[in-house]
Amino acid sequence: MHPRLTVVSHPLVQHKLTLMRRRETSTGEFRRLAREVALLMAYEVTRDLRLEQVPVETPLEPMMAPALAGKKLCIVSILRAGAGLAEGMLDLVPSARVGHIGLYRDPATLVPVEYYLKLPEDVAERPVILVDPMLATGHSAAAAVGRLKMAGCQDLRFACLLAAPEGLEVLAEAHPDVEVFTCAVDRELDEHAYIRPGLGDAGDRLFGTK
Ligand code: URA
């Protein structure tokens, strides 16, 4: 499926994801759950960040203690639904920088076209977490990863709530080096590129649009 796939199986994540899948879950509740799940995912996605020993003074004595090494994380959200996950990750890593990438699919060629990009100037020197709730066809995620690599990013991870096997294949083919984190791998994509059983349109459910 993908050589570097982690399914975040923590019971709290799984329970909250089930609540998000329910048709009757309200917009407000869905948004709150997305934020909570993203925070819990961030714990897993950042597990291998580098540490260095720094001097600190406790109230009792000086010591060397671990602290995050290097430049601060950058969370890049794929517009628009990625914003729902970025918020939760920022709850856990409030000093992270934030980038945005907007892509739409050209109706004639079906190729993702970039319409917006704003990244920190020094994004190439930062660990980057790219977020989008649904890895469906995988084309947007693959294009966004490609764009971040063009910007020089080397330490890249992708996080989503749900993945379709088809999307994982596309991402594995294009970017086998990028670690992928998801809460579940669902059965399939339908003819409208919705993930089944899925949770519906993540953007609509987050923002109350239809
Ligand atoms: N995007 C969504 O929001 N939902 C899907 O099921 C697939 C893509």
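Being part of a strand (DSSP E or B), more than 19 Å from the chain's Cα centre (by Cα), more than 26 Å from residue 137 (Cβ to Cβ) and of a type in the set (Asp, Glu) is a description that applies to residue 52. The residue of the range 62-113 that is modelled with the highest pLDDT, among those that are over 23 Å from residue 36 (Cβ atoms) and surrounded by 19 or more Cβ atoms within 10 Å (Cβ to Cβ), is 101.
Contact annotation: no residue pair with Cβ atoms under 7 Å, 6 or more positions apart or on different chains, pairs a residue in the range 40-59 that is surrounded by 12 or more Cβ atoms within 10 Å (Cβ to Cβ) with a partner that is outside any strand (DSSP E or B) and aromatic (Phe, Trp, Tyr). Scanning the range 15-42 for residues that are in a helix (DSSP H, G or I) and among the hydroxyl-bearing types (Ser, Thr, Tyr) yields 18, 27. Whenever a residue of the range 153-169 is under 14 Å from residue 77 (Cβ atoms) and modelled with pLDDT of 95 or more, its partners that are within 10 Å of the ligand (Cβ to nearest atom) and of a type in the set (A, V, I, L, M, F, W, C), lying with C-beta atoms within less than 6 angstrom and at least six residues away or across chains, give the pairs 160/135.
Within the range 177-192, restricting attention to residues that are closer than 15 Å to residue 129 by Cα and surrounded by 18 or more Cβ atoms within 10 Å (Cβ to Cβ), the residue that is farthest from the ligand (Cβ to nearest atom) is 179.
The values are calculated or read from the model by the stated rules, or taken from the named source; none is laboratory data. All values derive from a computational prediction rather than experimental measurement. Glycine also receives a Cβ, built like all others from the backbone with ideal geometry; neighbour counts cover every protein chain displayed.
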